[in-house]
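Read through the structure below, which is laid out as structure tokens, and then see the notes.
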Amino acid sequence: MNNYFDLFIIGGGINGAGIARDASGRGLKVYLADKGKVGSATSSWSSKLIHGGLRYLENYEFKLVRESLKEREVITNIAPTITKPLPFIIPYTKKLRSKLLIRLGLFLYDHLGGNTKIPKSSKINLNKKYSKILNQKFSVGFQYYDVQVDDKKLVEMNIDDAKKLGATIVEDRKVINANRIDDGWEITLDNNEIIKSKILINAAGPWINEVVNNVIKTNTNKSIRLVRGSHIITKKLYDEEIAFTLQNEDNRIVFVIPYKKKYSLIGTTEVEVKTADNPSISDEEKIYLINTINNHFVKQISNENIVETYSGIRPLIEDYNEASKVTRDYVFDLNIQNKNSPLLNIYGGKLTTYRKLSEKVMEVLNPHLPTYNKKNWTHSKTL
């Protein structure tokens with residue numbers, strides 16, 4: 001049957017794109033539908049970093065940091081045209097994290113991921129190197145490296161490769177209904193087209209529970225917290241190809257990153273919201289980011305210096321912590337109330353770990369899939 005697929009994926013963000021590529025490369029028949037354009041929501045409104053998550057160490061998320069650091073290396077290798085290592089400077093602030101704590105964190109960050117081509121961290125004299133950029137009160141700093149990425153392009157490259165491997169990808173097609181049938185799922189699109197699939201994967205990101213409740217009409221015991229992250233863009237605040245990790249008194253950090261050669265990208269914020277639709281920056285968020293810059297940099301900025309803003313919604317797994325402490329890890333909710341029609345809901349996740357998440361999806365679904373190539377392959381195939 002031409003319209004019977006092994007996997008139907010709802011959502012064309014980075015997780016959906018990664019799964020489509022991985023599964024297609026194993027010989028499975030894949031259909032992916034996105035209600036808008038692929039990579040047009042959360043996945044393209046990030047801080048545009050492939051990073052280990054230095055601050056996750058404060059929440060003792062060693063497993064997540066280790067996996068993220070390993071993936072940082074892998075993605076740098078498989079997507080060399082859209083990634084580049086970038087030095088980050090942490091100005092030391094006496095009343096916040098201690099030097100010992102920062103050095104311990106950076107030591108772990110250097111070594112948790114194993115062997116890497118990315119340079120190790122170091123302590124630096126800020127007055128000697130960056131006195132024209134940073135306020136004179138910052139004399140000591142620490143340098144480490146992470147990787148800058150074109151996030152939207154990363155999604156598109158995964159989608160393009162999935163297509164070449166045989167996947168069917170449709171954009172501007174909303175799934176309006178999904179029903180279990182004897183041998184899988186019957187999925188209805190908003191143009192009334194009906195697709196049949198053995199397995200249904202819900203990778204709708206911030207809209208995941210909306211899909212669970214209104215499209216699939218089933219139950220889940222998983223909750224998410226929607227957190228808006230906003231960025232401002234200014235004309236570049238300095239010429240050097242370096243980024244800054246600025247510490248705030250609320251214990252949050254703000255990145256300042258070179259962007260498109262002419263600009264500085266500043267963010268992110270964390271504001272809990274009720275809906276994932278049409279996110280936009282608030283005046284309070286702008287003030288927060290402007291004040292962070294003005295507390296650290298010689299060059300002062302105001303609202304008039306902002307040339308562009310963007311906001312994205314992060315779907316974080318609800319664990320009832322404050323937003324900055326909620327895990328960025330991912331959780332799978334496998335529903336097999338009918339063994340012939342498995343449903344996999346994907347909660348959480350981050351840009352950096354999408355490829356590993358995709359491999360783990362294949363592991364989880366293995367007992368429910370027909371014969372296919374079980375060998376992992378995406379770690380060595382260039383995008």
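Quick note: the coordinates plus some simple rules give every number you see, no bench work behind them. Just so we're clear, the structure is a prediction, and the values are computed from it rather than from any experiment. Neighbour counts are summed over all protein chains in view; Cβ atoms, including those assigned to glycine, are modelled from backbone coordinates with ideal geometry.
Projecting the Cα atoms of Tyr347, Tyr31, Leu357 onto the dipole axis of the chain, where Lys and Arg carry +1 and Asp and Glu carry -1 at the beta carbon, places Leu357 farthest toward the positive end.
Take the Cα of Glu359, step 7 Å toward its Cβ, do the same at Gln300, and the gap between the two points is 5.1 nm.
Dipole orientation for the range 196-313: of the candidates Ser282, Gly312, Tyr238, Gly312 has the Cα lying most toward the positive pole (charges on Cβ; Lys, Arg +1; Asp, Glu -1). Ellipticity at 222 nm from helices only: DSSP H runs of n ≥ 4 in the chain, each -39500 (n - 2.57), divided by the residue count, give -7000 deg cm²/dmol.
Ordering Leu126, Val74, Val149 by Cα displacement along the dipole of the chain toward the positive end leaves Leu126 in first place; charges were set at the Cβ atoms of Lys, Arg (+1) and Asp, Glu (-1). Computed over the range 108-240, the percent of Cα pairs more than 24 Å apart is 61. Stretching Glu171 away from Asn340 to a fully extended chain increases their span by 58.1 nm, per 0.36 nm per residue minus the current alpha-carbon distance.
Going by the alpha-carbon gyration tensor, a ≥ b ≥ c the square roots of its eigenvalues, is the range 84-138 rounded (a/c under 1.5) or, if a/c is not under 1.5, prolate (a/b greater than b/c) versus oblate? Oblate, because a/c is 1.5 or more while a/b does not exceed b/c. Compared with the dominant Cα axis of the chain, that is its longest principal axis, helix 354-365 is turned about 30°. Once the C-beta distance of Glu318 and Lys117 is scaled by a Förster radius of 35 Å, the resulting FRET efficiency is 0.40 to the nearest 0.05. Each Lys and Arg contributes +1 and each Asp and Glu -1, all at the Cβ; summed about the Cα centre of the chain, the dipole is approximately 1400 debye.
The slack between Asp333 and Lys235, meaning 0.36 nm per residue of separation minus the straight C-alpha distance, is 30.9 nm.
Summary of packing: across the peptides 359-368, 256-265, the per-residue average of other C-beta atoms within 10 Å ranks them, highest first, as 256-265, 359-368. From the alpha carbon centroid of the range 1-63 to that of the range 128-166 is 20 Å. For Ile176, the amide hydrogen comes within under 5 Å of the amide hydrogens of Thr188, Leu189, Asp190, counting only partners 5 or more places away or on other chains and with H modelled in the peptide plane.
When each of the peptides 102-111, 216-225 is scored by how many other beta carbons lie within 10 Å of its residues on average, the order from highest to lowest is 102-111, 216-225. The candidate values were (1) 19.5, 63; (2) 21.5, 70; (3) 22.6, 73; the one computed from these coordinates for Rg and Dmax of the Cα atoms in Å carries the label (2).
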